[in-house]
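The values are calculated or read from the model by the stated rules, or taken from the named source; none is laboratory data. Quick caveat: nothing in here was measured; it's all calculated off a predicted structure. Counting neighbours? That spans all protein chains shown, and the Cβs are built from the backbone with ideal geometry, glycine included.
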Amino acid sequence: MTANAPDPSDSALPPPIRRTMRFLLNDRPVFLDRVAPDDTLLDFLRIEKRLTGTKEGCAEGDCGACTVLLGTLDAQGRLHYRSANACIVLMGMIDGAHIVTVEHLSPRGGPLHPIQQAMVDHHGSQCGFCTPGFVMSLYGLLMRQPTPDRLAVERALQGNLCRCTGYAPIVRAALSVAALSGTDDPVLAERPTVTKRLAEWRDGSRLEVSGHEAASGNAEPGGATILPSDVPYEGDVSESEGASDNRILRPASVADLARLFEDNPAGRIVAGATDVGLWVTKFMRDVGPLIPIGHLDELRGVEESDGALRIGANVSYTDALDALAERIPAFAPLLWRIGGNQIRNMGTIGGNIANGSPIGDMPPPLIALGAMLHLRKGDARRDLPLEDFFIEYGKQDRWDGEFVEALSVPLPSPDAKIAFHKISKRRDEDITACLGAFHLMLTDDGTVDTIRIAYGGMAGVPKRASAVEKALIGRPWTEDAVESALAAFEEDFTPLSDMRASADYRMLVARNLLRRFFADTQDDPIQTEAAQ
């Protein structure tokens, strides 16, 4: 561990406080001054706004029936849309964003949107419950990639489940839709106006609101809506009354986040809520005071420097995919198997580390690569090897008021042999039972110079197989050496049995993954394919 000096540029004055949340919902602005930390976007849409095209299915971000588009500005002021699961998007996360639901694609009584019409023409719907979610996922895809191929369509639909229609007609519908036209498509046509409004709302303020009894007022001073509509969403704006554990504290900057979290160490920092959202919907846990950080561009950078890739804590799986896959090809197939597109769009690498889950998909590969974690408390920073961050189940080496700011991933030698293998019951969008990560360097004569092996799902924390490594280092990289090292797994791990896998199965799989890694290295110097 190393300590870093405070950054003088962070010593800014506290920002102004804003007491009203604001966002765009389809073609109308919404202003709320009562919002609770556990309020979800799905409940707001269905209960408060009666926008029931967005369905509630699994309530855990797995089925995609609640898919909406979330539009935000990047650091350069450009507007981007990403699909998200409304069931686990907490209301505190959408301040300053544009929310698009399926109702906005086709005006009431008007023609169907081309995507909707294609679903009709190609018989892409039977019961229809899941159809709005499929439409929104395809809409998000076509906004990014107007003429997608079949693989792109299939990846875009990984997070959408259909039990009755089958996927073939849905894929045919997607491939039949021509490039969207800015004049015919409502969201593309509104883009300049939406961009202007969201930019105006970037005023450098900190949002502080509390719940409950969310009032959905819509009138700004002057009472004007910014997009064509008949009437604004109705509701009254009242004064906030907040309890300390029922607040949403949305920081204005990373420096403001550092102040906020130091003053409120019991607060719950949330970036994409792909884990915390389930605490709300499945376990009814209290998550206040909530500190949303998904909007902080300062934590979203990916930069290469001094032989390492520095990744901000706010970088999503989607944003990280290209950068990681280009430099370390073994990451690509693993990242494509993390959740569905909606989860990859919202979930962050920093969040996957900070929550300390023993089955998180990113820590084992990052540990195998020797990643370094960058932590911050107030103006003070410290660096910590990622493997040392995880102490035991539910406990990390993180002080009160300290948060993950970034991590650095050393770029491996071109001669390194690398593989990441994820084992799960279902190939796509499933929780890991066991994940093995391997990073090997050989000498010129084929002897193991260094090897780093890390596993998820084998202990209460992501953990290196230190005894196995010791049994291999200095020995020829041969099948006999690998087989003789298998006994050392008993020294490293005592896995548990749960609904995903038994202890015996996990131990067998962990050993077999090492065998597979050896077999792969005999043919391909860098493994680029993830296991089932």
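Some values worked out for this structure:
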| read-out | value |
| --- | --- |
| Leading residue by the ranking (surrounded by the most Cβ atoms within 10 Å (Cβ to Cβ)) among those in region 34-51 that are of a type in the set (Val, Ile, Thr) and under 21 Å from residue 270 (Cα atoms) | 35 |
| Selection count where residues are over 24 Å from residue 304 (Cα atoms), in contact (Cβ under 8 Å) with a residue 40 or more places away in the chain and not in a loop (DSSP other than H, G, I, E, B), scope region 403-452 | 6 |
| Extreme residue, modelled with the lowest pLDDT, among residues of region 485-530 that are in a helix (DSSP H, G or I) and acidic (Asp, Glu) | 520 |
| Residue tally, condition of a type in the set (Asp, Glu) and under 17 Å from residue 285 (Cβ atoms), over region 18-45 | 3 |
| Failed item, numbered, when residue 451 is tested on (1) over 30 Å from residue 343 (Cβ atoms); (2) exposed (fewer than 14 other Cβ atoms within 10 Å of the Cβ) | (2) |
| Helices (runs of 4 or more DSSP H) contained entirely in region 307-377, each with at least 3 residues that are out of contact with any strand residue (DSSP E or B) (no Cβ under 7 Å at 6 or more places or on another chain) | 317-327, 331-335 |
| Region 1-24 residues that are at pLDDT 80 or above, paired with ones that are of a type in the set (Asp, Glu) and assigned to a strand (DSSP E or B) (beta carbon under 7 Å, 6 or more apart) | 17/208; 19/208 |
| Near pairs, Cβ below 8 angstrom, 6+ apart or cross-chain, from region 353-373 (in the same structural domain as residue 271 (by TED's automatic domain parsing)) to any residue that is at pLDDT 95 or above and crowded, with 24+ Cβ neighbours inside 10 Å | none |
| Hits in region 47-87 (condition: β-branched (Val, Ile, Thr), touching a residue at least 12 places away in the same chain (Cβ under 8 Å) and assigned to a loop (DSSP other than H, G, I, E, B)) | 54 |
| Among residues of region 141-183, those that are closer than 16 Å to residue 69 by Cβ, surrounded by fewer than 18 Cβ atoms within 10 Å (Cβ to Cβ) and within 23 Å of the chain's Cα centre (by Cα), counted | 2 |
| Meets criteria (without any contact (Cβ under 8 Å) to a residue 24 or more places away in the chain, of a type in the set (D, E, K, R), assigned by TED's automatic domain parsing to the domain that holds residue 358 and more than 30 Å from residue 160 (Cβ to Cβ)) for residue 480 | yes |
| Qualifying residue in region 491-502 (condition: within 24 Å of residue 328 (Cα to Cα), touching a helix residue (DSSP H, G or I) at 6+ places or on another chain (Cβ under 9 Å) and not hydroxyl-bearing (Ser, Thr, Tyr)) | no |
| Any chance residue 423 is among the aliphatic types (A, V, I, L, M), touching a helix residue (DSSP H, G or I) at 6+ places or on another chain (Cβ under 6 Å) and at pLDDT 95 or above | yes |
| Selection count, region 389-402, where residues are over 27 Å from residue 305 (Cα atoms) and of a type in the set (Phe, Trp, Tyr) | 2 |
| Residue 382 surrounded by fewer than 22 Cβ atoms within 10 Å (Cβ to Cβ) and out of contact with any Phe, Trp or Tyr (no Cβ under 6 Å at 6 or more places or on another chain) | yes |
| Members of region 108-140 that are part of a loop (DSSP other than H, G, I, E, B) and either in contact (Cβ under 8 Å) with a residue 40 or more places away in the chain or within 25 Å of the chain's Cα centre (by Cα) (or both) | 113, 122, 123, 124, 125, 129, 130 |
| Some residue of region 458-466 being in a loop (DSSP other than H, G, I, E, B), at pLDDT 95 or above and under 17 Å from residue 516 (Cβ atoms) | yes |
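Residue-wise test of (1) surrounded by fewer than 20 Cβ atoms within 10 Å (Cβ to Cβ); (2) aliphatic (A, V, I, L, M); (3) outside the structural domain of residue 426 (by TED's automatic domain parsing).
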{"residue": "263", "(1), (2), (3)": "yes, no, yes"}
{"residue": "266", "(1), (2), (3)": "yes, yes, yes"}
{"residue": "274", "(1), (2), (3)": "no, no, yes"}
{"residue": "280", "(1), (2), (3)": "no, yes, yes"}
{"residue": "311", "(1), (2), (3)": "no, yes, no"}
{"residue": "323", "(1), (2), (3)": "yes, yes, no"}
{"residue": "329", "(1), (2), (3)": "yes, no, no"}
